[in-house]
Every structure is written in structure tokens, then in C-alpha cells.
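This report refers to the structure that appears directly beneath it.
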Amino acid sequence: MARSRVVGVDVDAVIFELYGLRPADFTAARDAHAARARREKDAAAAAAIGALRRPTLAVWTANLLARSHPDRAEALLRLGAELRRAYRELDGAQLRTLSHEQHRVIAALAGETEQLAAGAGEQLRETAVREIEGIFHGLLADEETARQWADGCLRKAPTAAVGFEGLEPAPGAAPRRTADVPRRTADVPRRTADVPAPPAVDEKRAAAAREEAAQASAALQKAEEHLTEASVARDRAEADAADLRGELAALEERVETAQRAAQEAKRLHRQAEQARAKAERSAEKAARRLAERDRSEG
């Protein structure tokens, strides 16, 4: 991770520490670091640390994998680079090969991540596992965020990507065509028991079947992305609610402390009033005794 030390407090070191903590421990540790930065008069560091948001359980677990197995992280980064290159070059054959590979790799990484979480005492629900898979899919298309994850400091799930939206093919790139593969006789549909269908009809049927399969696959991917986005939104809302509850508890504690201080101030004020009244009565008695003595002596 590129180091950008802020004078007084090493913000990058704090970030690395915080995003290695369980989400439940994040807020208290963040607030403690921000308070230390304020005590050291480092306003920039205090603001940068205070703005950090608690990660979801899935994001924390993804960071755990990158920290525990940097070789797995680098492998996913290489796969993402190859996919982006194939997309830019419109290399259909390579895209199909790498697409199959990405599903295999992501499934394996999600399984490892789930085991790491269990070893750390966190049992992941199915929605969290799906979110982790969505994170890995998103990292393949987002090189900058993928590098952040490889450093073990992913802060939030990347935006769900559909294919490689926003990544344009290279200028002049044309789709690469592969040689036709002869179909097996058993795969050729027949109109009757003995008469094969004309090649043109067979090709139309095959093209229609491929189109239907592609549409079904796209619909399934879209549904999975919506599910992942909904899970991410829910977990983020839960994290925000937890942060707000923590802030509310801190404010309530401050109010209670202020109320106790006010009550103590009132008690001391009453004591001071009573002491003053007593002193005034004593002064009046002393004045009367002095006046009586002066009269008796006169």
C-alpha cells in the first residue's frame, strides 16, 4: 500500500489496523484513534480517521483472505487483468475461457473465505457468502479497488459490475472468430427417424437455443447482482445503525455526566447559600453584642 503519512499520525497504518478488526470492534477503535489525533493537534488525521466507515462482515472477511493469502489476491488480480485485456481486444474465445475460470476461482475463494471467517469465530450466512462472491466479481472489473483489497484495506464492496461496463474495447479492435467445430451426429436434431434436418434449419435452431441460453444466463446474473446489492445495502444499513446507536449511547452518557455535574453544582450552591446566611446571622449577633457593650460602657 502506498504510504501517505500525515504529519503527527500515520493514517495509513491506522487504516491497515482498523480494517483488520472485526466490524464489531471497528467503531470504538476508530474513535479512539481519532481522539488521539485530536489530542496531538493533528486535525487532518483526525478528520480522515473519523470519516472511515465500518466495513460489512463480508468486506472484513474479504480483507481477511487478502491478508492471510496474498498469493490468492495476486492470482485474482492477474485474472482481472487478463479479462480486461480480452474484453478490450474483443477476444471471444479467451473471454469464454476466462469467464469459466473466473466462476471456478471465485467459488474457490469464497469457500476459503468462509473457512477463514469460521476460524476467526464468525459464521457467515448465505447472504454474506453471496456478497463476498459479488465483491470478487466486482474486483475483476475495478483494478484500483482490487489493489486496495489486495493490500487488505478494502473499505466497502465495489459497485456491482455487469460484464465490464465502462471499459471500452481498444480502438480498431474487431471480434476474433474461431474455427467452426463440427457437430456430432448425435447432436443434430431430426424431423423424422431417418431424414436429417437441413443444415440451415439446424443452425437456426442452434442459434435460437444459444440466444435463449445467453438471455437466461444474463437474467440469472442480473438477479444475483440485485440480490448481492440488496444484501450489501442491508448490511450497510445495519452498520450505520450500529454506528448511530454507539453515537447515541455516547451522547446519552455525556448528558448523564452533565446532569450529575449540574446536580452537584446545585448542591454546592445551596451549601454556599446556607453558609452565607449563617455568616450573616453570626455577623448580626456580633454587631448586636458590640452595640450592647458600647451602651453598657457609656
query = In what sequence, highest mean first, do 135-148, 117-130 appear when ranked by Cβ atoms within 10 angstrom?
reply = 135-148, 117-130
key: Listed peptides 98-104, 262-268, 14-20 by packing density, highest first (mean Cβ within 10 Å)   = 14-20, 98-104, 262-268
request  = Please give the contour-minus-distance gain from residue 123 to residue 255: 0.36 nm per residue of separation, less the Cα-Cα distance, rounded to one decimal in nm.
outcome  = 43.8 nm
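Apply 1/(1 + (r/R0)^6) to the Cβ-Cβ distance of residue 143 and residue 39, taking R0 = 35 Å, and write down the FRET efficiency to the nearest 0.05.
On the way: r = 38 Å, r/R0 = 1.09.
With a Förster radius of 35 Å, E is 0.40.
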query = Which three semi-axes in whole Å describe the equivalent ellipsoid of segment 11-50, each the square root of 5 times a Cα gyration tensor eigenvalue, listed largest first?
reply = 18, 10, 6
key: Residues 292, 131 arranged by fewest to most Cβ contacts within 10 Å   = 292, 131
note = Exposure-ranked with fewest Cβ neighbours within 10 Å first, 61, 257 stand as 257, 61
key: Stretchable slack from residue 88 to residue 291, in nm (0.36 nm times residue separation minus alpha-carbon distance)   = 62.1 nm
request  = Be a star and scan segment 52-92 for residues whose amide nitrogen sits under 18 Å from the point 7 Å along the Cα-to-Cβ vector of residue 245.
outcome  = 54-58
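Only the coordinates and a few stated rules stand behind these numbers; no lab work does. From a predicted model like this one, the values you see are computed outputs, not experimental measurements. Backbone-built Cβ (ideal geometry, glycine too); neighbour counts: all protein chains shown.
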